[in-house]
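To keep things clear, I will list the structure first and then write my remarks on it.
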Amino acid sequence: MENVYNETTEPSAKAPRRRPFGCTLRHLKRWQLPAKVFQAIFSLVAVVCEEIVNDCIACSGLYFFEFISCSAFLLTLLILCVYCTDLYESLGEDKVQKL
């Protein structure tokens with residue numbers, strides 16, 4: 001009996017090797033990673049310092065500072081997660097730039 005179907009001429013594609021947790025640093029320039037890490041640390045310190053304050057007379061400035069420092073911390077973490085994981089490739093460079 002003759003084999004009707006020939007084996008494919010294309011080699012079977014191997015799944016790309018994934019890094020643990022999808023971490024990669026190739027999308028950040030040499031100085032950007034330390035800058036973002038320092039930004040995250042400083043904004044976290046600002047949130048902690050704000051939470052230490054027990055009493056205030058005019059608290060509107062303190063609440064504004066809390067909002068800004070907490071937002072900076074969360075957005076910095078989001079940026080680090082996008083640029084340092086496989087999410088960058090999943091979204092695509094054009095969508096990340098728009099974001």
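The values are calculated or read from the model by the stated rules, or taken from the named source; none is laboratory data. Predicted model only: the values in this text are computed from it and were never measured. Here the Cβ is made from the backbone with ideal geometry for all residues, glycine too, and neighbour counts use every protein chain on show. With ligands, DNA and RNA removed, areas are computed over all heavy atoms of the protein, side chains included. Shrake-Rupley method; radii C 1.70, N 1.55, O 1.52, S 1.80 Å.
A few points about this structure:
- The accessible-area ordering, largest first, of the residues 94, 55 stands as 55, 94, per a 1.4 angstrom probe.
- Simple spin-label estimate for residue 74 and residue 29 gives 2.9 nm between the two label positions (7 Å along the Cα-to-Cβ direction from each Cα).
- Length released on extending from residue 56 to residue 91, taking residue separation times 0.36 nm less the Cα-Cα span: 8.2 nm
- For segment 29-97, relative contact order (Cα pairs under 8 Å, six or more residues apart, normalised by length) works out to 37 percent.
- Exposure rank, largest accessible area first [52, 79; 1.4 Å]: 52, 79
- Estimated FRET transfer efficiency when R0 is 30 angstrom, pair residue 41-residue 64 (beta carbons, to 0.05): 0.90
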